[in-house]
1. Could you please find all residues in the range 95-142 being of a type in the set (A, V, I, L, M, F, W, C) and in contact with a helix residue (DSSP H, G or I) (Cβ under 9 Å, 6 or more places away or on another chain)?
2. Identify, please: which residue in the range 63-81 is outside any loop (DSSP other than H, G, I, E, B) and not charged (D, E, K, R) and is, among those, farthest from LYS22 (Cα to Cα)?
3. So which residues in the range 82-115 are among the hydrophobic types (A, V, I, L, M, F, W, C), closer than 21 Å to GLU16 by Cα and without any contact (Cβ under 8 Å) to a residue 60 or more places away in the chain, if there are any at all?
4. Conditions first: (1) of a type outside the set (Asp, Glu); (2) over 27 Å from SER140 (Cβ atoms); (3) at pLDDT below 85. THR2 passes all but one, so which condition is the exception?
5. Determine whether ALA3 is in contact with an Asp or Glu (Cβ under 8 Å, 6 or more places away or on another chain), among the small types (Gly, Ala, Ser) and either farther than 19 Å from ASN83 by Cα or crowded, with 16+ Cβ neighbours inside 10 Å (or both).
6. In the list ASP49, ASP55, which residue meets the criterion of being of a type outside the set (A, V, I, L, M, F, W, C), at pLDDT below 95 and under 19 Å from the mean Cα position of the chain (by Cα)?
Amino acid sequence: MTARFDLTLDCHNAPELAVFWKLALGYIDEPPPPPFKTREEWAAHFDPDGDNSDDAGEWLCDPEGIGPRLSILKVPEPKIAKNRLHIDIRLSGDGTADERWERIKVESRRLVSAGARVLTEVDGYHMVMADPEDNEFCISTS
């Protein structure tokens with residue numbers, strides 16, 4: 001039996017970071033697990049005193065159900081080092097090396113306009129970037 005896995009990003013502003021990752025991955029807000037009708041109802045199940053913050057977390061999923069779920073959770077401590085695990089965004093499509101590199105550059109510009117920044121360009125191969133809270137990720141082609 002193979003195991004399914006989820007990825008979790010720690011952050012300071014879960015709603016804001018969720019907007020970025022929905023744009024970057026084409027993900028959507030994950031519905032709450034049954035029998036809950038809303039994420040707020042689900043969270044209240046774990047926090048009956050009502051102390052749970054509205055911005056404590058966001059849960060995203062691939063609308064096609066193929067990719068791993070992504071949990072984005074608010075934490076009090078700052079990020080202090082390079083990620084030990086990072087997300088690779090692999091762009092689909094064939095073409096020459098120059099055409100593939102151009103797709104990577106176009107996607108990086110789109111994500112920069114959404115708050116990311118380029119850390120390193122490995123010309124013709126991939127781009128290392130950081131999301132709005134400095135979590136590293138890469139863009140490459142399949």
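1. Across the range 95-142, the qualifying residues are LEU111, ALA114, ALA116, VAL118, MET127, MET129, PHE137, ILE139.
2. Top of the filtered list is LEU73.
3. Within the range 82-115, VAL112 is the sole residue that qualifies.
4. If we test THR2 against (1) of a type outside the set (Asp, Glu); (2) over 27 Å from SER140 (Cβ atoms); (3) at pLDDT below 85, just (2) comes out false.
5. Working: in contact with an Asp or Glu (Cβ under 8 Å, 6 or more places away or on another chain): no; among the small types (Gly, Ala, Ser): yes; either farther than 19 Å from ASN83 by Cα or crowded, with 16+ Cβ neighbours inside 10 Å (or both): yes.
Answer is no for this residue.
6. Working: ASP49 fails: under 19 Å from the mean Cα position of the chain (by Cα).
Only one candidate qualifies: ASP55.
The values are calculated or read from the model by the stated rules, or taken from the named source; none is laboratory data. These numbers come from a predicted model, not from an experiment. Glycine also receives a Cβ, built like all others from the backbone with ideal geometry; neighbour counts cover every protein chain displayed.
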